[in-house]
Amino acid sequence: MQQSSHSRRQFIYQMGAASVVLPGLSVLGLQSCGGKSDKATAESASSTTTTQGSTRKLGIALVGLGQYSEGQLAPALEKTTNCRLAGIVTGTPDKAEKWKSKYNIPEKNIYDYKTFDKIADNPDIDIVYVVLPNSMHAEYVIRAAKAGKHVICEKPMAMNAEECQQMIDACKKANRQLSIGYRLHFEPHNQEMMRLGQKEAFGKINRIVAENGQVQDESSPWRLGRGVGGGGPLRDVGVYCIQGAIYTKGQIPIAVTARKHPVTDREKFSKIEEGMDFSLYFPDGTIAGCKASFNDKYNKLRAEAAKGWFELSPAYAYDGLEGKTSQGKMEIENVPQQAHQMDAFANCILQNKPTTVPGELGKRDVQLIEAIFEAARTGQKVLTKDVVQILDKSALMS
Ligand code: NAD
């Protein structure tokens, strides 16, 4: 993978279009560890930096053992170098038993939602990974921080910007790092989109298309707005379009417009939008046309620039990503995304460096989600100049 991606990069450089232009944004550009799937070994990192002075992997406790924890994160933690599955938090005793034997988790590292705060006394757990329905993220991130743990919070970070700020503040107060589960920042096809876009390898980008849709089943009632709620396609899959457009363009939108899709299934979509079309307006005039749906399938991130185009389709899947440019196919291998993401965060902690996907990045996207909802509600263009000015600029280092 390294070789093919490297030679592709050289090829693009030979087109004479590798200049870096980031128009004058006041950004908290993060060029920290982790942006390039840092794979430093646990041995080298921990022997220099862990308080124990030993060569141990950081322990992660997964909070919420639903589809994502079971299907993706736990298997990924068997492939990580810098961290391991050390504990679980679940309200279902049967799940606790199953995970205990499957992953060899000691009884003392198993919590339910009532005993969760006792995790503060458990030295096996360094990082709490909150994988609960979106409306529960804020409470558990804040409790994890108060327990003195570093935290990864799944996307979208929270229900509104105020919650995001409380989560950021709680982690700062506890002197612990907070990261968002933005796996695609550690995925090489998406990293290539960042690099091509932010370095203007095909010239100035004029237009971006970001579309993510899936036919949502009933397996997570909260995703359809039931129970604890907090779902809907904009928050769930639309956040990838917001992310993709921003990290490809390397700018932060100054305004948004939006329109909800017409409802075709009144029962299923009685509490949430069925889909959302929205446009992100960038400072230099570029527009990203975005689409999120729970009733249609699409999966694409495309940039059209002065001297060519580049795109991923699928762009946001766990595997099987494919990239093309106007100059040919991207020769890039797929990687275990979540393993790279968690290893990168563990490495940041071990090296005491900031993550490239901190809480502020999650807050920026939640602010944009709120603006998109407002634009859909009012039919007006909503200005977004007040969103957190933060970009992942790690692609500029490659
Ligand atoms: P899920 O519905 O499958 O799992 C949610 C878990 O929370 C379940 O184990 C459930 O028992 C538990 N839970 C505890 N209290 C609950 C309550 N009051 N109501 C409902 N559930 C409760 O959802 P999921 O697909 O695992 O998603 C969890 C989080 O992970 C969400 O924030 C989602 O956006 C995120 N996610 C991220 C990705 C990614 O690629 N980064 C992919 C999928 C999901």
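The values are calculated or read from the model by the stated rules, or taken from the named source; none is laboratory data. The model shown is predicted, which means the values in this text are computed figures rather than measured ones. Glycine gets a Cβ as well: all are built from the backbone with ideal geometry, and neighbour counts include every protein chain shown. Side chains included, ligands, DNA and RNA excluded: accessible areas come from the protein's heavy atoms. Shrake-Rupley method; radii C 1.70, N 1.55, O 1.52, S 1.80 Å.
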*Among the residues of region 75-90, which ones are under 16 Å from Val335 (Cα atoms) and within 15 Å of the ligand (Cβ to nearest atom)?*
Pro75, Ala76, Leu77
*With respect to Asp112, is the statement that it is within 11 Å of the ligand (Cβ to nearest atom) and of a type in the set (Asp, Glu) true?*
yes
*asked:* Suppose we filter region 312-343 for residues that are under 29 Å from Asp386 (Cβ atoms) and either assigned to a helix (DSSP H, G or I) or among the hydroxyl-bearing types (Ser, Thr, Tyr) (or both); how many remain?
replied: 2
*Working only within region 296-321, note down all residues that are in contact (Cβ under 8 Å) with a residue 24 or more places away in the chain, over 21 Å from Lys199 (Cα atoms) and either open to solvent by less than 60 Å² (accessible area, probe 1.4 Å) or among the aromatic types (Phe, Trp, Tyr) (or both).*
Tyr298, Asn299, Tyr316, Tyr318, Leu321
_Failed condition for Ile369, given (1) within 18 Å of Ala255 (Cβ to Cβ); (2) of a type outside the set (S, T, N, Q); (3) in contact with a strand residue (DSSP E or B) (Cβ under 9 Å, 6 or more places away or on another chain)_ = (3)
_strands (runs of 3 or more DSSP E) wholly inside region 68-173 containing at least 1 residues that are touching a residue at least 40 places away in the same chain (Cβ under 8 Å) and open to solvent by 20 Å² or more (accessible area, probe 1.4 Å)_ = 150-153
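Among the residues of region 340-374, which ones are closer than 21 Å to Pro233 by Cα, of a type outside the set (Asp, Glu) and buried (at least 22 other Cβ atoms within 10 Å of the Cβ)?
Leu361, Gly362, Lys363, Arg364, Val366, Leu368, Ile369, Ala371, Ile372
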*Condition test on Lys385, is it at pLDDT below 95, surrounded by fewer than 16 Cβ atoms within 10 Å (Cβ to Cβ) and either among the acidic types (Asp, Glu) or within 30 Å of Ala255 (Cβ to Cβ) (or both)?*
yes
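Whether any residue in region 239-253 is open to solvent by 20 Å² or more (accessible area, probe 1.4 Å), under 21 Å from the mean Cα position of the chain (by Cα) and in contact (Cβ under 8 Å) with a residue 40 or more places away in the chain is what I want to check. Give the derivation first.
As a first pass, look at region 239-253 and keep what is open to solvent by 20 Å² or more (accessible area, probe 1.4 Å): 240.
Checking which are under 21 Å from the mean Cα position of the chain (by Cα) leaves us with 240.
Checking which are in contact (Cβ under 8 Å) with a residue 40 or more places away in the chain leaves us with 240.
Looking for residues that are open to solvent by 20 Å² or more (accessible area, probe 1.4 Å), under 21 Å from the mean Cα position of the chain (by Cα) and in contact (Cβ under 8 Å) with a residue 40 or more places away in the chain, one finds at least one in region 239-253, hence yes.
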*From the set of residues in region 204-232 that are open to solvent by 50 Å² or more (accessible area, probe 1.4 Å) and part of a loop (DSSP other than H, G, I, E, B), which is farthest from the ligand (Cβ to nearest atom)?*
Lys204
*Which ones in region 233-260 are in contact with a helix residue (DSSP H, G or I) (Cβ under 6 Å, 6 or more places away or on another chain), polar (S, T, N, Q) and either under 21 Å from Asn299 (Cβ atoms) or within 8 Å of the ligand (Cβ to nearest atom) (or both)?*
Thr248
*Sort out which residues of region 322-339 are more than 16 Å from the ligand (Cβ to nearest atom) and touching a residue at least 60 places away in the same chain (Cβ under 8 Å), and write them in order of number.*
Glu322, Gly323, Thr325, Ser326, Gln327, Met330, Glu331, Ile332, Glu333
